[in-house]
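Enquirer: The structure under discussion is supplied below as structure tokens; questions concerning it will follow.
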Amino acid sequence: TRQQKIGKLIQKELADIFLQDGIPVYDCMITVTKTSVTRDLSLARSYISIFNAEDNEKVLKAVKSNIKDIRFRLGQKVKNQLRVIPQLDFFIDDSLDYIENIENLLKQ
């Protein structure tokens, strides 16, 4: 349960960082759909959905190139809740595309 609580906390704060802090590299909307934390709380894997972007891989590379800045901002927000800020790893969440594909197949 501790892993889940920390995962939810990191997910919420990362969403705030992407939506409110406005990191200037992105010209699209990024939402954090899921975050899971390893047992030793050293790594947080976050799945992001990218909207209004021509190339999702390009945006993911931009996010990964700014991991240090994102982790620093995350540390500023959760410094009172967490003693050690986990390393961040981002992946594209393609579950919405999968759901849309299934719906299109069912309509046929």
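The values are calculated or read from the model by the stated rules, or taken from the named source; none is laboratory data. This structure is a prediction, so every number in the text was calculated from the model and none was measured. Using ideal geometry, Cβ is built from the backbone for each residue, glycine included, and neighbour counts are taken over all protein chains shown. Only protein heavy atoms, including side chains, enter the accessible area calculation; ligands, DNA and RNA are left aside. Shrake-Rupley method; radii C 1.70, N 1.55, O 1.52, S 1.80 Å.
Enquirer: Take LYS68 and decide whether it is under 24 Å from ASP97 (Cα atoms) and open to solvent by 70 Å² or more (accessible area, probe 1.4 Å).
Expert: no
Enquirer: If you don't mind, another one. Could you count how many residues in the stretch 1-22 are among the β-branched types (Val, Ile, Thr) and exposed (fewer than 15 other Cβ atoms within 10 Å of the Cβ)?
Expert: Number of matching residues: 1.
Enquirer: Being out of contact with any His (no Cβ under 9 Å at 6 or more places or on another chain), at pLDDT below 90 and among the small types (Gly, Ala, Ser), is that true of even one residue in the stretch 23-42?
Expert: Within the stretch 23-42, none of the residues are out of contact with any His (no Cβ under 9 Å at 6 or more places or on another chain), at pLDDT below 90 and among the small types (Gly, Ala, Ser).
Enquirer: Continuing with the same structure: Scan the stretch 30-38 and give yes if some residue there is outside any loop (DSSP other than H, G, I, E, B), within 13 Å of ILE6 (Cα to Cα), open to solvent by 90 Å² or more (accessible area, probe 1.4 Å) and of a type in the set (Lys, Arg), otherwise no.
Expert: Looking through the stretch 30-38, at least one residue is outside any loop (DSSP other than H, G, I, E, B), within 13 Å of ILE6 (Cα to Cα), open to solvent by 90 Å² or more (accessible area, probe 1.4 Å) and of a type in the set (Lys, Arg).
Enquirer: Residues of the stretch 66-95 being free of Cβ contacts under 8 Å to residues at least 24 places away in the same chain and either over 12 Å from LEU14 (Cβ atoms) or assigned to a helix (DSSP H, G or I) (or both), which ones?
Expert: ILE67, LYS68, ARG71, PHE72, GLY75, GLN76, LYS79, ASN80, ARG83, ASP94
Enquirer: Taking the conditions exactly as written (out of contact with any Asp or Glu (no Cβ under 9 Å at 6 or more places or on another chain), open to solvent by less than 30 Å² (accessible area, probe 1.4 Å), in a helix (DSSP H, G or I) and among the β-branched types (Val, Ile, Thr)), does VAL63 satisfy them or not?
Expert: The answer is yes for VAL63.
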